[in-house]
Amino acid sequence: MLLLRCPLPLLLLLLPLDSRPQKFPTRDEELFQMQIRDKAFFHDSSVIPDGAEISSYLFRDTPKRYFFVVEEDNTPLAVTVTPCDAPLEWKLSVQELPEEASGEGSGDPEPLEQQKQQITNEEGTELFSYKGNDVEYFVSSSSPSGLYQLDLLSTEKDTHFKVYATTTPESDQPYPELPYDPRIDVTSLGRTTVTLAWKPSPTASLLRQPIQYCIVINKEHNFKSLCAVEAKLSSDDAFMMAPKPGLDFSPFDFAHFGFPADNNSGKERGFLKSSKFGRQTSSKPRVDLHRVCIGNKNIFTVSDLKPDTQYYFDMFAVNTNTNMSTAYVGTFARTKEEAKQKTIELKDGKVTDVFIKRKGAKFLRFAPVSSHQKVTFSVHSCLDAVQIQVRRDGKLLLSQSVEGVRQFQLRGKAKAKYLIRLKGSKKGASMLKVLATTRPNKQSFPSLPEDTRIKAFDKLRTCSSVTVAWLGTQERNKFCIYKKEVDDNYNDEQKKREQNQCLGPDMRKKSEKVLCKYFHSQNIQKAVTTETIRGLQPGKSYLLDVYVIGHGGHSVKYQSKLVKTRKFC
C-alpha cells in the first residue's frame, strides 16, 4: 500500500513519470516508519497510512475523501471504518492508475494535465458501500492494484470517525479478536448490584497479547464502539485504573445518580476521586455514562446502582499495545425493586412500638372502623428526630420532623384510610411509640413542655443534696424523679446511651427512686416545680431523670441531668 497526499495535483506528482517500474514507499521503509511516528504527518490529511488507525472529523453534509494506492494485483486488503457519535455513509472504490503511472508504458511521460484528466474522468469501480453506525469492514484476500478512494459523509450532524487500512491483515491483527460467543452474561442481579461475565478474547488467551477489558455503564442505550463512548464523554475524562485483585467497585458518582456521596466508600473500595473521573465542566453538560477498565479479569460486579432501574452494559477488549478496541455484544438489565415494606396495622387507641434501622423507613396503616370527624396521631420519638408523612387515601396531609413527643390532629373523612411513613435518622437506629385514635379524649401520651431540660441550682448544692427544677404543663400529670450514682469520668457517650425517652420508670431499680408527685398550673408561665434531693454522698456525681406519666400509663423521660455534690462543706 502507498501513502499519498491530497490535493489531487500533488497526488499526481507522486506518481512515477518514467517508464521504469518505481517502488512506492511502504511502511517497511525507514522514512515511512518515521512518518508513522510523527502524528502531525497525518493530521487532517487525505492519506490513509498502511497499518495505522487515523481519527478525523466530518462536518454535516460535507463529504470527505481519502486515498491509498495498491501497487500489485492480488494484494490482501482490509479497511475498517468506525463511526463515533453519528451514522456514516461511506463508499470504497478503485480505479486503474494511468498507464504511465503503472509503469507499463514507454516513451515520454504525459503532461500533468493529461494525467489528471485520466484519473478524474474515470468513475472507478465501487467495491463496497455502507450506511449506518456499526463498525463495518471491507476485507478482500485478493485486491487489484489501483488508486483506492474512500468517500465518507455524515448527513445527521458533525461527527468523529476512525479509519484503519492494511495490506497485511493476517499478520497485523491490531483489533482484539472476539471469542466464539461474544455476549456479556448477567450472572447475578440484585437491587443495587449487577454481576457480569464474558469469555476472554483469544488475542489474550491464545496469542498472549496484552488485553484489558473496559466496561461502560449508562442508562440510555448500548454503544457499538469505544470511539462512540469517547465522543459522549468529555474530552478530558480518563480511564479508571484497574482495581486490586478481588476488589470490584462502582464507578458511579452517587450524587449524580440521586444518592448522597459516601466519603468512606472510596477509601474502602477503590473509587476514583470525582475530581478526575466524570467531573463536570462549565461548558459541557454531565452525562449518565461511566467507564472503567478492570485489567484482564472476565467477571465484574457493578455496585451502588439504583433499584428498579434499567442499565446498559458494554464491554470492550482493548489491545494495550495498539490502543485499538473491539466491542463485545452489549447487554442490559433492570435492577430488582426495593423489597416491599411490611405495613404495620394500627389499632384505634392502642400504642404501637416501632423500630427503624439507620436511614431506614417503616409504613403504618390506620383504617378507622367507624365514621369520624377527627383523627389524632401521637408520635413519641425515643431517640433522635424522625421524619413523618401522613397520607389519607393517597393525598399527603402532613410531612414534618418529630423529636420527643408530638401530636397531630387531622380532619376525618368517612371510610378513609391513612398511611403513615416514618423515616429513620441518619445517626443511628430509631425507636418510636405511635398512637392513632378517632377519640380525642383517648390520649395515652402525656403533654410535655417545649423545654424538657432539668435545671440544677449551683448555689443550692451541698455535700449531701442538690436542688433542681423542671417545667410542667396545664395538664395535671404525675412526675417521678430518679437518681443514679455514676463515675467521675462519666461522659457524653455514656449519657447518650441512656437518653432513650421511651424507657419508663418500671425499668429502674427501686433504690434509685427519689419521689413521685402530681403537678400542673393553669398559668403556663408558672408551671415550674422544684425539688431538693437529699441523702447524697459528698463529692459524688449523680445522673438525675424525671419521668412524666400520662393518664394511659405511658411515660416520657425528660433530658437527663448530671450533677455533683460539693466535696467540702
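The values are calculated or read from the model by the stated rules, or taken from the named source; none is laboratory data. Bear in mind that the values here come from a model prediction, so they are computed numbers and not experimental data. For neighbour counting, all protein chains shown are included, and Cβ atoms are generated from backbone atoms with ideal geometry for every residue, glycine included. Protein only, heavy atoms only, side chains kept; ligands, DNA and RNA dropped before computing areas. Shrake-Rupley method; radii C 1.70, N 1.55, O 1.52, S 1.80 Å.
Relative to the Cα centre, the charge distribution of segment 454-564, modelled as +1 at Lys and Arg Cβ and -1 at Asp and Glu Cβ, gives a dipole magnitude of about 280 debye. Shape call for segment 376-463 from the C-alpha gyration tensor, a ≥ b ≥ c root eigenvalues: rounded (a/c under 1.5), prolate (a/b greater than b/c) or oblate? The shape class here is prolate.
Placing Val139, Val548 in order of accessible area, with the largest value first and a 1.4 Å probe, yields Val139, Val548. Think of a 1.4 Å ball rolled over the protein heavy atoms: segment 454-564 then has 56 Å² of accessible area per residue. For the set Glu475, Glu338, solvent exposure ranked by accessible area (probe 1.4 Å, protein chains only) runs largest to smallest as Glu338, Glu475. With all protein chains kept in place, the per residue accessible area of segment 344-437 amounts to 54 square angstrom at a probe of 1.4 angstrom.
Once each part is reduced to its C-alpha centroid, what is the distance from segment 181-204 to segment 157-180 in angstrom? The distance from the Cα centre of segment 181-204 to that of segment 157-180 comes to 24 Å. Couplings 3J(HN,Hα) of segment 422-428, computed from phi: 10, 10, x, 7, 6, 6, x Hz, in residue order, whole Hz [Karplus 6.51 cos²θ - 1.76 cosθ + 1.60, θ = phi - 60°; x for Gly and Pro]. Pairs spanning more than 29 Å between alpha-carbon atoms, out of Lys362/Lys395; Lys374/Lys526; Lys395/Lys426; Lys433/Lys483; Lys395/Lys478: Lys374/Lys526; Lys395/Lys478.
At the residue level, Arg291 shows approximately 20 square angstrom of accessible surface with a 1.4 angstrom probe and all protein chains present. Quotient of the Cα radius of gyration of segment 454-564 and 2.2 N^0.38 Å, N being its number of residues: 1.07. For Thr75, the residues 5 or more places off, or on other chains, whose built amide H falls under 5 Å of its own are Ser143. Surface composition of segment 344-437: carbon and sulfur make up 48 percent of the accessible area, probe 1.4 Å.
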